[in-house]
Amino acid sequence: MRREEVILKSPEEIEAMRRSCLVVAEVLRVLKENVFPGSSTMDLERIAEEETKKRKARPAFKGYRGYPYCLCTSVNSEVVHGMPGEKKVLKEGDIISIDFGALLNGFYGDAAVTVPVGAVSEDAVRLIEVTAASLEEAINAAKENKHLSDISYAVQSYVEGRGLSVVREFVGHGIGRELHEGPQVPNFGLPGRGIKLKAGMVLAIEPMINIGGSAVKVLDDGWTAVTADGGLSAHFEHTVAITHNGPYVLSRI
Ligand code: MF3
Ligand code: CO
(Lines give C-alpha, C1' and ligand atoms only; values in the text may rest on other atoms or scores of the structure.)
(Ligands and ions follow the chains in the order given, each with its own letter.)
Protein backbone atom coordinates (compact mmCIF):
# COMPACT_ATOMS: atom_id res chain seq x y z
CA MET A 1 0.00 0.00 0.00
CA ARG A 2 2.81 2.39 0.82
CA ARG A 3 4.14 3.60 -2.52
CA GLU A 4 7.88 3.82 -2.52
CA GLU A 5 8.33 5.94 -5.62
CA VAL A 6 9.00 9.63 -5.40
CA ILE A 7 6.34 11.25 -7.58
CA LEU A 8 7.03 14.79 -8.74
CA LYS A 9 4.09 17.19 -8.86
CA SER A 10 3.48 19.91 -11.44
CA PRO A 11 2.81 23.47 -10.27
CA GLU A 12 -0.92 22.84 -10.97
CA GLU A 13 -0.85 19.70 -8.84
CA ILE A 14 0.91 21.59 -6.08
CA GLU A 15 -1.89 24.17 -6.13
CA ALA A 16 -4.43 21.34 -5.89
CA MET A 17 -2.52 19.98 -2.90
CA ARG A 18 -2.54 23.45 -1.40
CA ARG A 19 -6.34 23.27 -1.31
CA SER A 20 -6.27 19.90 0.49
CA CYS A 21 -3.71 21.24 2.93
CA LEU A 22 -5.75 24.37 3.61
CA VAL A 23 -8.64 22.14 4.66
CA VAL A 24 -6.24 20.38 7.03
CA ALA A 25 -4.95 23.68 8.40
CA GLU A 26 -8.44 25.11 8.88
CA VAL A 27 -9.71 22.00 10.65
CA LEU A 28 -6.65 21.98 12.92
CA ARG A 29 -7.30 25.62 13.73
CA VAL A 30 -10.86 24.85 14.81
CA LEU A 31 -9.63 21.87 16.83
CA LYS A 32 -7.04 23.99 18.64
CA GLU A 33 -9.79 26.38 19.71
CA ASN A 34 -11.58 23.42 21.25
CA VAL A 35 -8.73 22.14 23.38
CA PHE A 36 -9.46 22.89 27.01
CA PRO A 37 -9.65 21.09 30.33
CA GLY A 38 -12.77 18.92 30.25
CA SER A 39 -12.96 18.31 26.50
CA SER A 40 -12.61 14.68 25.51
CA THR A 41 -10.55 13.60 22.55
CA MET A 42 -13.77 12.13 21.10
CA ASP A 43 -15.26 15.66 21.14
CA LEU A 44 -12.32 16.69 18.96
CA GLU A 45 -12.91 13.70 16.67
CA ARG A 46 -16.55 14.71 16.15
CA ILE A 47 -15.56 18.30 15.41
CA ALA A 48 -12.96 17.11 12.90
CA GLU A 49 -15.52 14.95 11.12
CA GLU A 50 -18.02 17.78 10.88
CA GLU A 51 -15.49 20.42 9.80
CA THR A 52 -14.10 18.10 7.12
CA LYS A 53 -17.57 17.42 5.71
CA LYS A 54 -18.34 21.15 5.64
CA ARG A 55 -15.34 21.62 3.37
CA LYS A 56 -16.35 18.75 1.03
CA ALA A 57 -13.23 16.79 1.89
CA ARG A 58 -12.72 13.29 3.27
CA PRO A 59 -10.70 12.33 6.33
CA ALA A 60 -7.46 10.64 5.26
CA PHE A 61 -6.72 8.38 8.21
CA LYS A 62 -10.12 6.76 8.83
CA GLY A 63 -9.92 3.31 7.24
CA TYR A 64 -6.22 3.65 6.44
CA ARG A 65 -4.75 0.24 7.31
CA GLY A 66 -7.81 -0.23 9.52
CA TYR A 67 -7.27 2.91 11.61
CA PRO A 68 -10.76 3.77 12.92
CA TYR A 69 -10.70 7.58 13.40
CA CYS A 70 -10.20 10.88 11.54
CA LEU A 71 -7.70 12.10 14.12
CA CYS A 72 -4.70 10.87 15.99
CA THR A 73 -4.81 12.47 19.44
CA SER A 74 -1.65 11.74 21.39
CA VAL A 75 -1.59 13.00 24.98
CA ASN A 76 1.52 13.53 27.16
CA SER A 77 3.69 10.38 26.85
CA GLU A 78 1.80 9.24 23.76
CA VAL A 79 4.02 9.94 20.77
CA VAL A 80 1.78 9.38 17.74
CA HIS A 81 -1.32 7.41 16.68
CA GLY A 82 -3.16 7.93 19.97
CA MET A 83 -6.83 7.15 19.43
CA PRO A 84 -9.69 9.43 20.39
CA GLY A 85 -11.89 8.14 23.20
CA GLU A 86 -14.99 9.34 25.02
CA LYS A 87 -13.24 8.68 28.34
CA LYS A 88 -10.02 10.40 27.32
CA VAL A 89 -10.75 13.76 28.91
CA LEU A 90 -8.12 16.50 28.76
CA LYS A 91 -6.99 18.11 31.98
CA GLU A 92 -5.06 21.23 32.79
CA GLY A 93 -1.32 20.62 32.36
CA ASP A 94 -1.66 18.02 29.58
CA ILE A 95 -0.18 18.45 26.14
CA ILE A 96 -1.91 16.98 23.11
CA SER A 97 -0.70 16.32 19.61
CA ILE A 98 -3.49 16.47 17.05
CA ASP A 99 -2.63 14.89 13.72
CA PHE A 100 -5.07 15.23 10.83
CA GLY A 101 -5.12 14.42 7.13
CA ALA A 102 -7.68 15.15 4.43
CA LEU A 103 -8.38 14.10 0.85
CA LEU A 104 -9.78 16.67 -1.56
CA ASN A 105 -9.94 16.44 -5.36
CA GLY A 106 -7.68 13.40 -5.38
CA PHE A 107 -4.87 14.84 -3.25
CA TYR A 108 -3.95 14.37 0.38
CA GLY A 109 -2.82 16.92 2.93
CA ASP A 110 -1.33 16.01 6.32
CA ALA A 111 -0.35 18.15 9.31
CA ALA A 112 -0.06 18.00 13.09
CA VAL A 113 0.30 20.40 16.00
CA THR A 114 0.98 19.96 19.69
CA VAL A 115 -0.88 22.28 22.04
CA PRO A 116 -0.97 22.82 25.79
CA VAL A 117 -4.16 22.23 27.76
CA GLY A 118 -4.46 25.31 29.97
CA ALA A 119 -1.30 26.10 31.90
CA VAL A 120 1.47 23.51 31.50
CA SER A 121 4.91 22.97 33.04
CA GLU A 122 7.95 24.93 31.85
CA ASP A 123 9.39 21.67 30.56
CA ALA A 124 6.30 21.03 28.49
CA VAL A 125 6.37 24.56 27.06
CA ARG A 126 9.99 24.13 26.08
CA LEU A 127 9.38 20.71 24.51
CA ILE A 128 6.59 22.16 22.37
CA GLU A 129 8.70 25.19 21.38
CA VAL A 130 11.76 23.15 20.45
CA THR A 131 9.70 20.64 18.47
CA ALA A 132 7.90 23.40 16.54
CA ALA A 133 11.21 25.16 15.87
CA SER A 134 12.82 21.91 14.69
CA LEU A 135 10.12 21.62 12.05
CA GLU A 136 10.95 25.15 10.88
CA GLU A 137 14.63 24.19 10.68
CA ALA A 138 13.64 21.16 8.61
CA ILE A 139 11.47 23.28 6.31
CA ASN A 140 14.38 25.66 5.74
CA ALA A 141 16.46 22.69 4.59
CA ALA A 142 13.77 21.55 2.11
CA LYS A 143 15.39 23.23 -0.88
CA GLU A 144 16.25 22.20 -4.42
CA ASN A 145 19.67 20.53 -4.78
CA LYS A 146 20.02 19.83 -1.09
CA HIS A 147 19.88 16.20 -0.02
CA LEU A 148 17.03 14.44 1.72
CA SER A 149 19.08 13.86 4.85
CA ASP A 150 19.79 17.59 5.19
CA ILE A 151 16.19 17.78 6.41
CA SER A 152 16.80 14.92 8.84
CA TYR A 153 20.04 16.43 10.08
CA ALA A 154 18.39 19.83 10.59
CA VAL A 155 15.89 18.30 13.02
CA GLN A 156 18.34 16.09 14.86
CA SER A 157 21.05 18.70 15.35
CA TYR A 158 18.57 21.34 16.51
CA VAL A 159 16.82 19.02 18.95
CA GLU A 160 19.80 17.16 20.40
CA GLY A 161 21.66 20.45 20.79
CA ARG A 162 18.90 21.39 23.20
CA GLY A 163 18.99 18.20 25.24
CA LEU A 164 15.88 16.54 23.80
CA SER A 165 15.69 13.32 21.79
CA VAL A 166 14.41 12.32 18.37
CA VAL A 167 12.04 9.38 17.84
CA ARG A 168 13.47 7.01 15.21
CA GLU A 169 10.73 4.45 14.69
CA PHE A 170 8.42 6.82 12.80
CA VAL A 171 9.31 9.03 9.87
CA GLY A 172 7.86 11.66 7.55
CA HIS A 173 6.94 10.77 3.99
CA GLY A 174 6.21 11.86 0.48
CA ILE A 175 2.53 12.71 -0.08
CA GLY A 176 0.26 13.31 -3.07
CA ARG A 177 -2.41 11.07 -4.58
CA GLU A 178 -1.44 8.65 -1.79
CA LEU A 179 -1.15 9.54 1.89
CA HIS A 180 2.22 7.85 2.02
CA GLU A 181 4.55 8.00 -0.97
CA GLY A 182 8.33 7.87 -1.17
CA PRO A 183 10.67 9.03 0.12
CA GLN A 184 10.68 8.29 3.83
CA VAL A 185 11.82 11.38 5.74
CA PRO A 186 13.64 10.43 8.97
CA ASN A 187 14.18 13.05 11.65
CA PHE A 188 17.79 11.98 12.22
CA GLY A 189 20.82 11.41 10.04
CA LEU A 190 24.04 12.82 8.67
CA PRO A 191 23.85 15.69 6.16
CA GLY A 192 24.42 15.23 2.43
CA ARG A 193 22.99 11.73 2.11
CA GLY A 194 20.06 10.25 0.22
CA ILE A 195 18.29 11.56 -2.87
CA LYS A 196 18.73 15.10 -4.11
CA LEU A 197 15.71 17.30 -3.48
CA LYS A 198 13.96 18.52 -6.62
CA ALA A 199 11.24 21.03 -7.38
CA GLY A 200 7.93 19.15 -7.47
CA MET A 201 8.64 16.92 -4.49
CA VAL A 202 6.04 17.21 -1.74
CA LEU A 203 7.02 15.99 1.71
CA ALA A 204 5.15 15.59 4.98
CA ILE A 205 7.84 16.47 7.49
CA GLU A 206 6.97 15.41 11.03
CA PRO A 207 9.43 15.55 13.91
CA MET A 208 8.41 13.54 16.99
CA ILE A 209 10.49 14.68 19.96
CA ASN A 210 10.83 13.31 23.50
CA ILE A 211 11.86 15.04 26.67
CA GLY A 212 13.58 11.85 27.94
CA GLY A 213 14.99 8.96 25.92
CA SER A 214 14.16 8.37 22.27
CA ALA A 215 12.76 4.84 22.72
CA VAL A 216 9.09 4.19 22.06
CA LYS A 217 6.79 1.19 22.28
CA VAL A 218 3.41 0.44 20.72
CA LEU A 219 0.54 -0.43 23.07
CA ASP A 220 -1.59 -3.56 22.75
CA ASP A 221 -4.21 -1.64 20.76
CA GLY A 222 -1.70 -1.96 17.89
CA TRP A 223 -1.60 1.80 17.26
CA THR A 224 -0.75 4.02 20.21
CA ALA A 225 2.99 4.71 20.36
CA VAL A 226 4.20 5.86 23.77
CA THR A 227 7.61 6.81 25.15
CA ALA A 228 9.33 3.82 26.78
CA ASP A 229 10.33 5.94 29.80
CA GLY A 230 6.95 7.64 30.24
CA GLY A 231 8.36 11.11 29.46
CA LEU A 232 6.47 13.74 27.48
CA SER A 233 6.52 13.74 23.68
CA ALA A 234 5.57 16.39 21.11
CA HIS A 235 4.86 16.22 17.37
CA PHE A 236 4.46 18.81 14.64
CA GLU A 237 3.91 18.19 10.94
CA HIS A 238 3.58 20.22 7.75
CA THR A 239 3.09 19.24 4.14
CA VAL A 240 5.83 21.06 2.24
CA ALA A 241 6.39 21.41 -1.52
CA ILE A 242 9.89 21.99 -2.86
CA THR A 243 9.74 24.70 -5.53
CA HIS A 244 12.15 26.82 -7.55
CA ASN A 245 11.27 29.59 -5.10
CA GLY A 246 12.11 27.55 -2.01
CA PRO A 247 9.95 25.57 0.40
CA TYR A 248 6.21 26.18 0.06
CA VAL A 249 4.45 25.16 3.29
CA LEU A 250 1.15 23.98 1.85
CA SER A 251 -0.46 23.36 5.25
CA ARG A 252 0.30 26.82 6.68
CA ILE A 253 -2.59 29.31 6.67
N1 MF3 B 1 0.55 11.78 10.05
C2 MF3 B 1 0.54 10.37 10.32
C3 MF3 B 1 1.29 9.64 9.25
O4 MF3 B 1 1.56 10.22 8.23
C5 MF3 B 1 -0.80 9.84 10.58
C6 MF3 B 1 -1.16 8.54 10.01
S7 MF3 B 1 -2.32 7.80 11.04
C8 MF3 B 1 -2.92 6.53 10.17
O9 MF3 B 1 1.68 8.51 9.40
F10 MF3 B 1 -3.84 6.01 10.83
F11 MF3 B 1 -3.41 6.97 9.06
F12 MF3 B 1 -1.95 5.65 9.90
CO1 CO C 1 2.18 12.22 8.15
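Structure notes:
Yes/no matrix, rows are residues, columns are (1) hydrophobic (A, V, I, L, M, F, W, C); (2) in contact with a helix residue (DSSP H, G or I) (Cβ under 6 Å, 6 or more places away or on another chain):
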| residue | (1), (2) |
| --- | --- |
| Tyr153 | no, no |
| Gly163 | no, no |
| Val167 | yes, no |
| Asn187 | no, yes |
| Lys217 | no, no |
| Ala228 | yes, no |
| Ser251 | no, yes |
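- Taken over the range 77-90, residues that are more than 16 Å from ligand 2 (Cβ to nearest atom) and open to solvent by 40 Å² or more (accessible area, probe 1.4 Å) amount to 4.
- Qualifying residue in the range 56-74 (condition: more than 16 Å from ligand 2 (Cβ to nearest atom), open to solvent by less than 30 Å² (accessible area, probe 1.4 Å) and not in a loop (DSSP other than H, G, I, E, B)): no
- Selected residue (criterion: most open to solvent (accessible area, probe 1.4 Å)) from residues of the range 127-148 that are over 14 Å from Pro247 (Cβ atoms) and under 18 Å from the mean Cα position of the chain (by Cα): Glu129
- Qualifying residue in the range 91-99 (condition: under 30 Å from Gly213 (Cβ atoms), assigned to a loop (DSSP other than H, G, I, E, B) and open to solvent by less than 30 Å² (accessible area, probe 1.4 Å)): yes
- If you check Ala16, Ala111, Ala57, Ala102 for being touching a Ser or Thr at 6+ places or on another chain (Cβ under 6 Å) and more than 30 Å from Ala215 (Cβ to Cβ), only one passes: Ala102.
The values are calculated or read from the model by the stated rules, or taken from the named source; none is laboratory data. Quick caveat, the model's predicted, so the values are computed rather than measured. Every residue, glycine as well, gets a Cβ built from its backbone with ideal geometry; the counts of neighbours run over all protein chains shown. The area values use the complete protein model at the heavy-atom level, side chains included, leaving out ligands, DNA and RNA. Shrake-Rupley method; radii C 1.70, N 1.55, O 1.52, S 1.80 Å.
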